[in-house]
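Since every read-out is calculated from the coordinates, none of them should be taken as a lab result. Keep in mind that this is a model prediction, so the values were computed, not measured. Using ideal geometry, Cβ is built from the backbone for each residue, glycine included, and neighbour counts are taken over all protein chains shown.
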Amino acid sequence: MALILSIETATPVCSLALSDGPDVLGIRETAEKNSHSQVVTVFIDELLRECGLRPGDLDAVAVSRGPGSYTGLRIGVSTAKGLCYALDKPLIAVDTLEAMAYGMARMADENTALPLLFAPMIDARRMEVYTALFDAQGKKVREIQAEIIEAGSFAAFREQHVICLAGDGAGKCRQVLLHPNVHYLEQFSVSARYVAPLAYEKFRKGLFEDTAYFEPYYLKDFVAGVPKVKGLREE
C-alpha cells in the first residue's frame, strides 16, 4: 500500500491521520484554540510511535491546502513541506472543502426523496463563509467562493436538492437560511481522516506538488489588523 501522513490545520481543529492505503491507522486531533503550532509535531511523533514506525517509513505527506485560516494553513503547509524536504518524500495537497464534503457524505442520511448536495462551510468572519457545493459522489457542482450568507443563498439548487451544511461556518446560517431542504449536520467535525482517502487517490495517480513552490490556497488576501497599543495612533 502507501503510508501517508495527512495534516489538517485549515480550521480551529488541528488533526493528523496516519494511513496505509485507504485505511486509517491512527488519528490525533484537538479543537483547542490556537494550539496548532504547539501540538502538530507532537501529534506526528505520537502517531508514528503508536504504529511502530519512523518518519523515513512514510511514502508521502498530505496537507489540507485551504481555503481556511491563514495562520493554520501556514502551520500545516510549513510542517508538511519541512517533512518532505527532510525525508525526500512527495507532497500531496487536498482541497479542504472537498475533504469536508467527503466526510459529510459518509454521515448524511441518504433516505431522502431528493438528491443530496453538500455545502461544507469554513468561517470567513462576519456573515461570510468559504464554501462550495458537491454531489454525493464528491463531484464539485459549484466552485469554491467566499460568500455572504443570505436568505436566498443556494436558491438555484435547493428546490431540487436537499442541501447539507456543516463546518464552523454553518452555525451562522441558522438565523438567515431557513428552508425545508436545507439540513444541518450537527455532529460533523473537520478531520484529517477525510483528507487521507483523497490523498491516497492522488498518490496512486502520482498527483504530487512541487514542494519548493507550493503555497496554501487562501482564497482571500490576508489583512493584518491595526495593533491596539496604548500611546499609538493611526496616521
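Sorting Tyr194, Tyr218, Tyr102, Tyr85 from the fewest to the most surrounding beta carbons within 10 angstrom yields Tyr85, Tyr218, Tyr102, Tyr194.
Please work out how much length the chain gains when fully extended from Ala86 to Tyr213, using 0.36 nm per residue of separation minus the C-alpha to C-alpha distance, in nm with one decimal.
44.1 nm
In the distance distribution for the range 97-184, Cα-Cα pairs more than 23 Å apart total 11 percent.
Can you classify the chain as rounded, prolate or oblate using the Cα gyration tensor, where a ≥ b ≥ c are the square roots of its eigenvalues, rounded means a/c under 1.5, and otherwise it's prolate if a/b beats b/c and oblate if not? Spell out each step's value before the answer.
Details: a/c = 2.01, a/b = 1.21, b/c = 1.66.
Oblate, because a/c is 1.5 or more while a/b does not exceed b/c.
Residue exposure proxy: His36, His179, His161, ordered by other Cβ atoms within 10 angstrom of their Cβ from fewest to most, comes out as His179, His161, His36. Note on Met127, Met121, Met107: ascending count of other Cβ atoms within 10 Å places them as Met107, Met127, Met121, the fewest first.
Net length available on complete extension from Asp59 to Met127 is 20.4 nm, with 0.36 nm assigned per residue and the Cα-Cα distance removed. Going 7 Å from the Cα of His183 in the Cα-to-Cβ direction, what parts of the range 105-123 have a backbone nitrogen less than 20 Å from that spot? Within reach of a label on His183: 105-122. Zone of Arg204 (label point 7 Å along Cα→Cβ, backbone N under 18 Å): which residues in the range 1-42? Output list for this probe position: 1-6, 19-25. Pop the C-beta distance of Asp20 and Arg174 into the FRET formula with R0 = 45 Å and round what comes out to the nearest 0.05. That pair, Asp20 with Arg174, gives E of 0.70. Summing charges over neighbours of Asp45, with a neighbour being any other residue whose Cβ is under 12 Å away from its Cβ, gives +1 when K and R count +1 and D and E count -1.
Work through the residues other than Leu91 whose Cβ is under 9 Å from its Cβ and net out their charges, Lys, Arg +1 and Asp, Glu -1. If you can, show how the numbers build up before the last one.
On the way: positive: Lys81, Lys89; negative: Glu209, Asp210.
After counting each charged neighbour, the total is 0.
In this simple spin-label approximation, Met107 and Asp135 carry label points 7 Å from Cα along the Cα→Cβ vector, and these lie 2.5 nm apart.
May I ask you to compute the full-extension gain from Gln160 to Cys51, defined as 0.36 nm times their residue separation minus their alpha-carbon distance, rounded to one decimal in nm? Write down the numbers at each step before the final one.
Details: separation 109, 0.36 × 109 = 39.24 nm, distance 4.60 nm.
The Gln160-Cys51 span can extend by a further 34.6 nm.
So, counting K/R as plus one and D/E as minus one, what does the shell of residues with Cβ under 12 Å around Ala132 add up to? Can you show the working numbers first?
Details: positive: Lys139, Lys140, Arg142; negative: Asp95, Glu98, Asp135, Glu143, Glu147.
Computed value for this residue: -2.
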